[in-house]
1. Considering the Cα trace of region 219-364, what is its radius of gyration and what is Dmax, both in angstroms?
2. Beyond a 30 Å Cα-Cα separation, which of these cross-linked pairs lie in this structure: 58/342; 149/345; 58/313?
3. If one computes the Cα centroid of region 241-304 and of region 336-360, what distance in Å separates the two points?
4. I want the local charge near residue 182. Using Cβ-Cβ distances under 12 Å, sum +1 for each Lys or Arg and -1 for each Asp or Glu among the other residues.
5. Using a 4.7 Å cut-off between beta carbons, which cysteines in the chain end up with no partner cysteine at all?
6. Using the Karplus curve 6.51 cos²θ - 1.76 cosθ + 1.60 with θ = phi - 60°, work out ³J(HN,Hα) for each residue of region 184-190 in order, rounded to whole Hz, and write x for Gly and Pro.
7. With contacts defined as alpha carbon pairs under 8 Å and 6 or more residues apart, what's the relative contact order of region 219-364 in percent?
8. Tell me, what is the percent relative contact order of region 107-236, built from C-alpha pairs under 8 Å that lie six or more residues apart?
Amino acid sequence: MTEATERTGRTEQLDLLYSETEDDLRAAVRSLLADRAGHQDLLGRIETDSPYVPGLWKALAGDMGAAGLLVPEKLGGQGASHREAAVVLEELGRAVTPVPYLTSAVVATETLLALAGESVPAAELLAELASGRTVAVLALPLTASPHAKPVSTPSTVTGVADAGAADVLLVSRADGLYAVPAAEATVEPQTPLDLTRPLAQVTTEAGGGTRLAGPDEAAAAVRRGLLAGAGLLASEQLGLAEWCLEETVRHTRERHQFNRPVGSFQALKHRMAQLWLDVVGARAAARAAADALATGSPDAPLTVAVAQAYCSKVAVRAAEECVQLHGGIGMTWEHPAHLALKRAKSDQLALGSAGRHQDAVAALVDLPAPGTEAVGAG
């Protein structure tokens, strides 16, 4: 171990492999989702008042302890890392599961972790989130990017994901970050493209709630929460893309035309082979982002931006191929392919678009835009 490693507590080499603990966690989450929230169950719920499966959040967040993976044991959590949380999100992405994991157990939790050392109310709320008893949501649009300049939240915010499931809303105001009970806010459901991730318009009154931090600390904490969310969203996109590829390969093996499986046609082989390569690349990018966040790498913003710029496109392409290569059945409401496509398109805008992340990559590595050098030389 080098002197630098001893000081920082980490190595510079990324670890993209899954540990035995992570594999065990994956198996447990996949088993729970298959038992409680399969695709057919989900198809029967998405047009009801709430797509959330009763009891699933308690089982996943509380009984299994998934909500506290990012929280240190001394603050009431599991003391794991972003790598384990990424595995949970991969499985949630595969199943397109409607639970507030990304919004509460990642974004809101990371925001509070940035404040827990200095704010007693933040630490107390964090313990509630880690136990799964409380759901908190950052009152910002789902499209909010970690690379944008922080702004105070207006009294009314549209497009807030999972606000309807929240017990507490984290509201950023000009004088700091506040925890506002959901009962003291007005939450009006909106019609989203992705029915498995409900959106709402949230209105809060000025002066309400408990102050958690001042404006400077709040801005840094919100940025940290959004960065972790964007980085681990890549794992959700990876899981979704993997399911789309596996389901498409399975279908084309079973579906016959001209007395042979359609998957044996060379044109379809080429499409699925290219998609496999894309998914392998997405896995590397998503794992790199999770590992960079877990180890506190100074390159985490760059790694997250690269992962989002790549994985969001792969997820959409995988879902589109899944719908198209299923033929007629892929276009029907009875098949879950449309759920994957809608989640992929929604995720493509969530926590910053691919274009916004590409701009961030260029800025972080000081890469001039096309034509800039030529103009400067003239």
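1. Final numbers for Rg and Dmax: 17.0, 62 Å.
2. Working: 58/342 26 Å; 149/345 24 Å; 58/313 32 Å.
Beyond 30 Å: 58/313.
3. Value for the Cα centre distance between the two parts: 16 Å.
4. Values: positive: none; negative: 162, 167, 184.
Here the charged neighbours net out to -3.
5. Singleton cysteines: 311.
6. Here the 3J(HN,Hα) series is 9, 10, 9, 10, 10, x, 10 Hz.
7. On the way: 171 pairs, mean separation 45.8, N = 146.
So the answer I get is 31 percent.
8. Details: 249 pairs, mean separation 38.5, N = 130.
Relative contact order for region 107-236 comes out at 30 percent.
The values are calculated or read from the model by the stated rules, or taken from the named source; none is laboratory data. Since this is a predicted model, take the numbers as computed values, not measurements. Using ideal geometry, Cβ is built from the backbone for each residue, glycine included, and neighbour counts are taken over all protein chains shown. Remember, those area values only see protein heavy atoms, side chains included, never the ligands or the DNA or RNA. Shrake-Rupley method; radii C 1.70, N 1.55, O 1.52, S 1.80 Å.
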